[in-house]
Amino acid sequence: MCTEGAFPHRSACSLPLIHVHTHIHVCVPVLWGSVPWGMKLQCVSLWLLGTILILCSVDNHGLRRCLISTDMHHIEESFQEIKRAIQAKDTFPNVTILSTLETLQIIKPLDVCCVTKNLLEFYVDRVFKDHQEPNPKILRKVSSIANSFLYMQKTLRQCQEQRQCHCRQEATNATRVIHDNYDQLEVRAAAIKSLGELDVFLAWINKNHEVTSSA
């Protein structure tokens, strides 16, 4: 509340009480106008710096808030035990589905969560279901990896339901390329090829996600 004699510009504060709201709006500009130019610049600079820090904090939080809680080391070990046997069945060594790293390397940080969720669905809904494995030992390892993927898939689905895992067009396009590559091969051959390239996806997860152990 302004009182007579409280500010250098007395005429700006000598309004009737009934106009108190107008009076406040008049006094604030008058006070700001009396602040030295150097102090104004300092205040604006501090305000801009604070805004940038807040935006950066929100952005980093948005990229890291969907954590994958699982034992990635166990998944990688399981795959390494069957990798040679799986890749030996690959009859199209010169064809690739996702080991052309360009498809995954161009993914922007904002799209990592969505692409990971989509690729988990790709493996769970297509690759693991299409793969027919007569060897019980290999089948057990593949089933173990599939269960781990289901767990990660559930975590990222919850993030999406909480609107923390946004799917932009770029993420959808990248996923479609992988599905198109898969569709170019016969189903069984495509499943073998995708399983043989699983280490590419696992390496990408380790590179782009903050993974915590569920053990």
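The values are calculated or read from the model by the stated rules, or taken from the named source; none is laboratory data. Computed from a prediction, not measured in an experiment: that's the story for all the values here. Cβ coordinates were reconstructed from backbone atoms using ideal geometry, including for glycine residues, and neighbour counts include every protein chain displayed. Side chains included, ligands, DNA and RNA excluded: accessible areas come from the protein's heavy atoms. Shrake-Rupley method; radii C 1.70, N 1.55, O 1.52, S 1.80 Å.
Confirm whether His131 is modelled with pLDDT of 95 or more and either surrounded by 13 or more Cβ atoms within 10 Å (Cβ to Cβ) or more than 30 Å from the chain's Cα centre (by Cα) (or both). The answer is yes for His131. The number of residues in the stretch 127-149 being closer than 13 Å to Lys83 by Cα and either out of contact with any Phe, Trp or Tyr (no Cβ under 9 Å at 6 or more places or on another chain) or among the polar types (S, T, N, Q) (or both) comes to 3. Residues in the stretch 97-128 that are polar (S, T, N, Q) and at pLDDT below 90: Ser99, Thr100, Thr103, Gln105.
Return yes or no: is Leu120 under 19 Å from Cys165 (Cα atoms) and without any contact (Cβ under 8 Å) to a residue 60 or more places away in the chain? Answer is yes for this residue. Among the conditions (1) closer than 24 Å to Glu77 by Cβ; (2) loosely packed, with under 13 Cβ neighbours inside 10 Å, the only one that Asp125 does not satisfy is (1). Kindly indicate which of Ser194, Ser148, Ser143 is buried (at least 21 other Cβ atoms within 10 Å of the Cβ) and on the phi < 0 side of the Ramachandran plot. Only one candidate qualifies: Ser194. Taking (1) modelled with pLDDT of 80 or more; (2) in a helix (DSSP H, G or I); (3) surrounded by 15 or more Cβ atoms within 10 Å (Cβ to Cβ) in turn, Gly62 satisfies each apart from (1).
Of all residues in the stretch 151-191, those being open to solvent by 20 Å² or more (accessible area, probe 1.4 Å) and aromatic (Phe, Trp, Tyr) number 1. Residues that are over 27 Å from Ala88 (Cα atoms) and among the β-branched types (Val, Ile, Thr) are absent from the stretch 180-198.
Can you tell me which residue is farthest from Ala190 (Cα to Cα) among those in the stretch 93-122 that are open to solvent by less than 10 Å² (accessible area, probe 1.4 Å) and outside any helix (DSSP H, G or I)? Within the stretch 93-122, the match that is farthest from Ala190 (Cα to Cα) is Leu98.
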